[in-house]
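The values are calculated or read from the model by the stated rules, or taken from the named source; none is laboratory data. Source: prediction; values computed, not measured. In this analysis, Cβ positions are derived from the backbone assuming ideal geometry, glycine residues included, and neighbour counts consider all displayed protein chains. Just the protein is used for accessible areas: all its heavy atoms, side chains included, with ligands, DNA and RNA removed. Shrake-Rupley method; radii C 1.70, N 1.55, O 1.52, S 1.80 Å.
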Amino acid sequence: MDIASKIVEIRRLNGITQEELARKLFVTRQAVSRWENGDTTPSIEILQKITGLFNLDSTTNFGVAGTFFCQSCGSHYPAEGFNGLNKDTSPSEDYCKYCYVDGSYGKEDETIEEMVEQGIPYRLKSINNPDGYVDEETAREEMLKFYKTLKRWR
């Protein structure tokens, strides 16, 4: 199933309209319509938001084979060489190598607010992306909401 069909399916299974999904993602209803019609494809960041909002696995639901979605920083990364390591040195399927080292978070005492502040500059770089955040405060608010859906911060 293609991404457009998956978005329609996810939205309908959750009983929400295009307008409601748009509000949750802070995009326009027209953007959701274009995704569902296959006219455009949402950014990886938006797909991450959708998987976070509905507690879905991005690989299964969006066919992003060979990639993982860090449950600490929210980054989408290739499996090869970027997984964090568990205590037994096996690769973690939940965390990237920057967030998880030898079975522990890299910055064990880091707060969710500190993680958000660290990520804001990277989110603002995508400002030319029609799905990107428009200002620092919006980025901060949306990232905080999104991070609260990740395993580390629940």
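When segment 107-123 is filtered for residues that are part of a loop (DSSP other than H, G, I, E, B) and open to solvent by 50 Å² or more (accessible area, probe 1.4 Å), the ones remaining, listed by number, are K107, E108, D109, T111. Among helices (runs of 4 or more DSSP H) entirely within segment 1-101, having at least 1 residues that are closer than 24 Å to V116 by Cβ and at pLDDT 85 or above singles out 18-25, 29-37, 44-53. Filtering segment 86-111 to residues that are of a type outside the set (V, I, T) and over 21 Å from R154 (Cα atoms) leaves K87, D88, S90, P91, D102.
Picking from residues in segment 15-34 that are under 18 Å from the mean Cα position of the chain (by Cα) and within 20 Å of T149 (Cβ to Cβ), the one that is surrounded by the fewest Cβ atoms within 10 Å (Cβ to Cβ) is R23. Of the residues examined, I127 is not one that is modelled with pLDDT under 75, under 15 Å from the mean Cα position of the chain (by Cα) and open to solvent by 60 Å² or more (accessible area, probe 1.4 Å).
If the condition is being touching an Asp or Glu at 6+ places or on another chain (Cβ under 9 Å) and farther than 16 Å from K49 by Cα, then segment 5-27 contributes only S5.
G132 passes every criterion in (1) surrounded by 15 or more Cβ atoms within 10 Å (Cβ to Cβ); (2) within 14 Å of the chain's Cα centre (by Cα); (3) farther than 27 Å from R34 by Cβ; (4) at pLDDT below 90 apart from (3).
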